[in-house]
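The block underneath contains the structure these notes are about, expressed in structure tokens.
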Amino acid sequence: MKDYNNDFTYFTDLIKSDSNFAYARYADGEVALMKGQPVGTNSQAFVVDNWMAPSMLTKVGRELLETLDHTESNYYYAISSDTDGKDDTLFLRSRLRTKNITFANLWINANYQRMKAFYRSLTKRAYVICNAKANTASFPFRVDEHFPFPDNCIEYWEKHGDCYIQSLLEYSTQVTNKTFFVSAGPVSEILIHAMFVTNPNNQYIDVGSSIDEFVHGRITRPYMDPNSQYAKEVSYFYE
């Protein structure tokens, strides 16, 4: 793995298959939370995704750190590459105990148009954990169940995280060989970790903002414009 184009093909083929696996994504926002760094009102997290974080280790930050110990052959970590942010890459690599590593930006940037085409070609049904405002009837693939997740995920998780995850696990433990697409900001990794631990017999994939156009009905990121410079960006690991 760790070739931007080949990894995209590998993981989209894996989603189309009957193989059960987890794919969890960690980029600058997740790293900031695990370090207890603030995420302010001038950040994309706040302006676009409606969450922020204080300068302290929050409940989300603590629980994210607890998700980094998987060594199972079918648990994959998608992390910041050297071209995305070297410090974030080093932070994550120093804590991971697996070689199952790929790109946090695998679904977006230069691969985004391919990902949209993949969603349109997907014949299997999916369970989707995403923003509560989403109209999943407009998604290009069939959604069997929508598990709504609110804005301001950091504050929400402090108050209601335990109840949310208990309710989700009551459902996810009752099904097998199903596909879960997760787009709940940095909480996604906590949800994927918990669902995989309690029932590894499904697919759990953090799809992040790659479903935003379906969720919000509009472009939310510069890379979604095929004429932008971000739509041409390819990620690399140098080692």
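The values are calculated or read from the model by the stated rules, or taken from the named source; none is laboratory data. All values derive from a computational prediction rather than experimental measurement. Virtual Cβ from ideal backbone geometry, glycine too; neighbours counted across all protein chains shown. The accessibility values were calculated without ligands, DNA or RNA, using every heavy atom of the protein model including side chains. Shrake-Rupley method; radii C 1.70, N 1.55, O 1.52, S 1.80 Å.
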With respect to L68, is the statement that it is more than 26 Å from H216 (Cα to Cα), at pLDDT 95 or above and assigned to a loop (DSSP other than H, G, I, E, B) true?
yes
Failed item in (1) open to solvent by less than 40 Å² (accessible area, probe 1.4 Å); (2) in contact with an Asp or Glu (Cβ under 7 Å, 6 or more places away or on another chain); (3) farther than 19 Å from R221 by Cβ; (4) not acidic (D, E), with R125 passing the rest
(1)
Within region 186-198, is there a residue that is in contact with a Ser or Thr (Cβ under 6 Å, 6 or more places away or on another chain), among the hydrophobic types (A, V, I, L, M, F, W, C), outside any helix (DSSP H, G or I) and under 19 Å from A78 (Cα atoms)?
no
Of the residues in region 76-115 that are of a type in the set (S, T, Y) and not in a helix (DSSP H, G or I), the one that is surrounded by the fewest Cβ atoms within 10 Å (Cβ to Cβ) is S94
Being open to solvent by 80 Å² or more (accessible area, probe 1.4 Å) and either β-branched (V, I, T) or touching a Leu at 6+ places or on another chain (Cβ under 7 Å) (or both) is the filter here; which residues of region 17-50 pass it?
T41, V47
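Only one residue in P186, P140 is at pLDDT 95 or above, within 28 Å of V234 (Cβ to Cβ) and over 17 Å from the mean Cα position of the chain (by Cα), so which one is that?
P140
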The listed residue being within 18 Å of the chain's Cα centre (by Cα), open to solvent by 30 Å² or more (accessible area, probe 1.4 Å) and more than 23 Å from I15 (Cβ to Cβ), out of P150, P200
P150
I'd like to verify a number: residues in region 153-175 that are touching a residue at least 60 places away in the same chain (Cβ under 8 Å) and either open to solvent by less than 10 Å² (accessible area, probe 1.4 Å) or outside any helix (DSSP H, G or I) (or both), how many?
4
Quick check: is even one residue across region 64-71 exposed (fewer than 15 other Cβ atoms within 10 Å of the Cβ), out of contact with any helix residue (DSSP H, G or I) (no Cβ under 9 Å at 6 or more places or on another chain) and over 18 Å from L191 (Cα atoms)?
no
Go through region 203-236 and give me each residue that's under 18 Å from R114 (Cβ atoms), hydroxyl-bearing (S, T, Y) and within 18 Å of the chain's Cα centre (by Cα).
S209, S210, Y223, S235
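Looking at the structure I just gave you, is N135 open to solvent by less than 30 Å² (accessible area, probe 1.4 Å), closer than 27 Å to D225 by Cβ and in contact (Cβ under 8 Å) with a residue 12 or more places away in the chain?
Criteria not met by N135.
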Sole residue being part of a helix (DSSP H, G or I), open to solvent by less than 20 Å² (accessible area, probe 1.4 Å) and more than 28 Å from M52 (Cβ to Cβ), chosen from F118, F141:
F118
Considering only region 220-239, state which residues are part of a loop (DSSP other than H, G, I, E, B) and either touching a His at 6+ places or on another chain (Cβ under 8 Å) or not small (G, A, S) (or both).
T220, R221, D225, P226, N227, E233, V234, Y236, F237, Y238, E239
